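Where a number appears in this text, it was derived from the coordinates with a stated rule and is not lab data. Keep in mind it's a predicted model, so treat the numbers as computed, not measured. Here the Cβ positions follow ideal geometry from the backbone for every residue, glycine too, while neighbour counts run over all protein chains shown.
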Amino acid sequence: MSLLRRLGVETDVVEGSKGGRESIKTSISPKTVYLPQFKEIEMHLHNYLVDKLKQQTLDDREMEGKVAELSDDFFVNRDDILNYEEKQAAIQNVIYELTGYGPITPLLKDPAVTEVMVNGPTKIYVEKQGKIIKTPFTFRDNSHVLKVMERIVAPIGRRIDESVPMVDARLPDGSRVHAIIPPLAMNGPTLTIRKFPDNPLKIHDLLRNEGLSYEMADFLKSCVEAKLNMMISGGTGSGKTTCLNVLSSFIAEDERIVTIEDSAELRLSQEHVVTLEARLANVEGKGEVTIRDLVKNALRMRPDRIIVGEVRSAEALDMLQAMNTGHDGSLGTGHANSPRDLILRLEVMVMMAGFDLPVRAIREQIAGALDLIVHQVRLKDGSRKITHITEVLGVMNETIVLQDLFKFEELGKSDDGKVKGRFSSTGIRPSFFDKFESQGIKIQPSWFSEE
């Protein structure tokens, strides 16, 4: 009888990427994996393999084959209590340590997982279909998590230790990583990884997921083609970057695009793209390059479009000035709970630039630069929808005037817990339609059809 069954532990099962149930082939339950017997054998195997492989240069595929071969040699003369299934689990765990990121490796490979959250060594959560789920996997201890963090940040020239206790990074596939360690993180080393699909979502994917209506999709496509200045607002995890990727796909192939981000996440389909990424200061406190520095630099790079991954500080002033000085068609995102809140946040961010500008001048800058705000929301059922497409009209009585063009209205919940609702046009004709007409963009009557 196996160690697994003697302890009364069953193999863990999770929801598969297509909604069915499938076994996680990563390891056996942590109740077994981290019992002293299993842990000791796995560590002996790991040390044995490291010693045998340290003189060899192998890629990941060759490494897996070599590990399997050497593991057979390791187990052949051992009288362990592990059966075949448990030995394979130990081998697989060691492969994940040598070629991946330890226990979270299979979660990062799962296409249904959109976010991985490590709250210390014993609590690992994932987001699937907008819902947060606790997984059965764990790290051995804090030092185990720290080793994985170092493995993530080292290739991009960053570090995480007591002098630099938090860091933003990215994986080779573009996934965004944030790491923070004690004493700042009281639960232990905390890791948050936002995954992005292998193939960036297109507008038809958003339509299939009911993230917007066909009329809204046609309208937004026309707005990008007409070179309107647009910002996407929303909360954390609402899908702003995905929406920005989708909107950017409507930019013509013959335009030069400059993207500016803290950590490069955008994956544009066009060929003529220049990607700029901010840089933190080094250990001596030198070498920092901010988003604001990059926005200023981008203006000297002859861009047709400037795309700022996230506007969060004083760079708002430089971006607004770019929009007001001939760089039409600029795109960006910002955290906000509504289109109106985004306007208020932009005012504050402009003030962070350090110039003593009167509020009216700031509001006129914003109203003159921005044409449209697209607001994205993650609803209670985990779905993500564009709930507002809002025009920025101008300043009246020292207040920026907004008007909604499209809205999503919640109508309750279905029996399976899904949010019910409908997208609709407000029937208002935007003031920028003369721009559409001058560029030969066809205006659809359905855009103004109130339902």
Next item on the list: Sum -39500 (n - 2.57) across every DSSP H segment of at least 4 residues in the chain, then divide by the residue count to get the 222 nm mean residue ellipticity, nearest 500.
Entry: -10000 deg cm²/dmol
Item checked: segment 192-349: C-alpha gyration tensor shape, a/c 1.5 cut-off, then a/b vs b/c -> rounded
Margin query: Could you work out how much longer the chain between Ala68 and Ala361 gets when fully extended? Use 0.36 nm per residue separation minus the Cα distance between them, nm to one decimal.
Written below: 98.7 nm
Next item on the list: Kindly work out what percent of the DSSP beta bridges joining two residues of the chain are antiparallel, to the nearest 5.
Entry: 70
Notebook entry, point to check: What is segment 306-373 by shape, rounded, prolate or oblate, if you read a ≥ b ≥ c off the alpha carbon gyration tensor as root eigenvalues and call it rounded for a/c under 1.5, prolate for a/b larger than b/c, and oblate otherwise?
Noted result: rounded
Check: In segment 356-417, if every C-alpha pair distance is counted and binned at 10 Å from zero, what percent goes to each bin?
Finding: 19, 35, 24, 15, 6, 1
Next item on the list: Evaluate Rg over Rh across segment 45-163, taking Cα atoms for both radii and Kirkwood's formula for Rh.
Entry: 1.00
Check: Applying 1/(1 + (r/R0)^6) with R0 = 30 Å to the Cβ-Cβ distance of Met351 and Lys380, what FRET efficiency is obtained, to the nearest 0.05?
Finding: 0.30
Check: Do you know the relative contact order of the chain, to the nearest whole percent, from alpha carbon pairs under 8 angstrom that are 6+ apart?
Finding: 10
Notebook entry, point to check: What FRET efficiency would be calculated for the residue pair Asp254, Thr122, taking the C-beta separation as r and a Förster radius of 30 Å, to the nearest 0.05?
Noted result: 0.05
Next item on the list: Hey, for a label at Lys296 modelled as a point 7 Å past Cα toward Cβ, could you say which residues of segment 253-284 have their backbone N under 12 Å away?
Entry: none
Item checked: Cα radius of gyration and Dmax for segment 139-213 (Å) -> 16.2, 49
Notebook entry, point to check: Gain in length, Gln129 to Asp415, computed as 0.36 nm per residue apart minus the alpha-carbon separation, to one decimal in nm?
Noted result: 101.2 nm
Checklist line | Nitroxide proxy distance, nm - points 7 Å out along Cα→Cβ at Glu85 and Arg151 | finding: 2.6
Note to self: Given a Förster distance of 51 Å, report the FRET efficiency between Asn397 and Thr99 from their Cβ-Cβ distance, rounded to the nearest 0.05.
What the structure shows: 0.20
Check: Using mean Cβ contacts within 10 Å as the protection proxy, how do 83-93, 128-138, 395-405 order, highest first?
Finding: 83-93, 128-138, 395-405
Margin query: Restricting things to Cα coordinates, could you compute the convex hull volume per residue of segment 287-336 in Å³?
Written below: 78
Next item on the list: Multiply the residue gap between Leu344 and Val289 by 0.36 nm, knock off their C-alpha separation, and tell me the result in nm, one decimal place.
Entry: 17.2 nm
